[in-house]
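> Before I ask anything, here is the structure I am working with.
The values are calculated or read from the model by the stated rules, or taken from the named source; none is laboratory data. Bear in mind that the values here come from a model prediction, so they are computed numbers and not experimental data. Cβ placement follows ideal geometry from the backbone for every residue including glycine, while neighbour counts extend to all protein chains displayed. Accessible surface areas use protein heavy atoms only, side chains included; no ligands, DNA or RNA. Shrake-Rupley method; radii C 1.70, N 1.55, O 1.52, S 1.80 Å.
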Amino acid sequence: MRGREDSNVKTTIRGIVLALTGLAACGKPQATPMYEAVPVERRTLVVSASASGAIEPVLTVDVKSKASGEIIGMNVQTGDDVKADQLLASIDPRIPRNNLAQAQANLEVAQAQLANATAQMARSDTLLKAQAITQTEYDTAKLAYANAKAAVVRARSDLENSRDRMTDTKLRAPLNGTIIAKNVELGTVISSP
């Protein structure tokens, strides 16, 4: 019997506590809802955000000239957007242009010498067969022919290098991007190794 009485007492105490809680809640003012009801209308919502920080590029490329000389044209400024192969700056082309002309002239001379050595080699072949020249004279003609061929190869190589140096006077963007910093200005004389 004792267990039943304890259970009834607990139930009664619980009921009194709930009743008191209910009475206490009735005396409190009602909380206002966290939303406001407004009529529906069409309008533009403006959402903005601001933050501070540093903008870091994904890829940074230093663009340097292979040519030496005075910068005679500057086509971009800091902050400009550039496309791949866009002209950034021009360097005085006088020395590379003169070297290119000299290389072209040297190639023409080497080709003329090769033509002369080829003709001399043909004559030496004929004369050696007729035993009109010695083997030493024939070998000298053969060496002159080989040297003339080598001179043509060397002159072609020099001409190609001169063309490259002439092209290097035009500094172009290697890829699309934005100019972050300029280290030279119009009129600056640069020296390239």
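> What are the residues whose amide H is under 5 Å from the amide H of Thr188, where those residues sit 5 or more places off or on another chain and H is modelled from the backbone?
Hits under the 5 Å cutoff: Ile71.
> Report ³J(HN,Hα) in whole Hz for each residue of the range 94-99, in order, from the Karplus equation J = 6.51 cos²θ - 1.76 cosθ + 1.60 where θ = phi - 60°; Gly and Pro get x.
Residue by residue, the range 94-99 yields 4, 5, x, 5, 5, 5 Hz.
> Bin all alpha-carbon pair distances of the range 54-193 at 5 Å intervals from 0 and give each bin's fraction as a whole percent.
2, 9, 13, 12, 11, 9, 8, 7, 6, 6, 5, 4, 4, 2, 1, 0, 0, 0
> Shifting gears a bit: Per residue, how much space in cubic angstrom lies within the convex hull of the C-alpha atoms of the range 39-131?
281
> For the range 88-148, what class follows from the C-alpha gyration tensor (a ≥ b ≥ c being the square roots of its eigenvalues): rounded when a/c is under 1.5, otherwise prolate if a/b is larger than b/c, else oblate?
Prolate is the answer for the range 88-148, as a/c is 1.5 or above and a/b outweighs b/c.
> OK, next. In whole angstrom, how far apart do the alpha carbon centroids of the range 111-188 and the range 54-69 sit?
35
> Just want the answer: with Cβ charges of +1 for Lys and Arg and -1 for Asp and Glu, which residue in Val63, Val82, Gln113 is farthest toward the dipole's positive end in the range 52-114?
So the residue furthest toward the plus end is Gln113.
> Highest mean first, how do 46-57, 175-186, 103-114 rank when packing is the count of other Cβ atoms within 10 Å averaged over residues?
103-114, 175-186, 46-57
> OK, next. Using a 1.4 angstrom probe on heavy atoms only, work out the carbon and sulfur share of the accessible area of the range 87-150 in %.
Of all accessible area on the range 87-150, carbon and sulfur atoms account for 56 percent.
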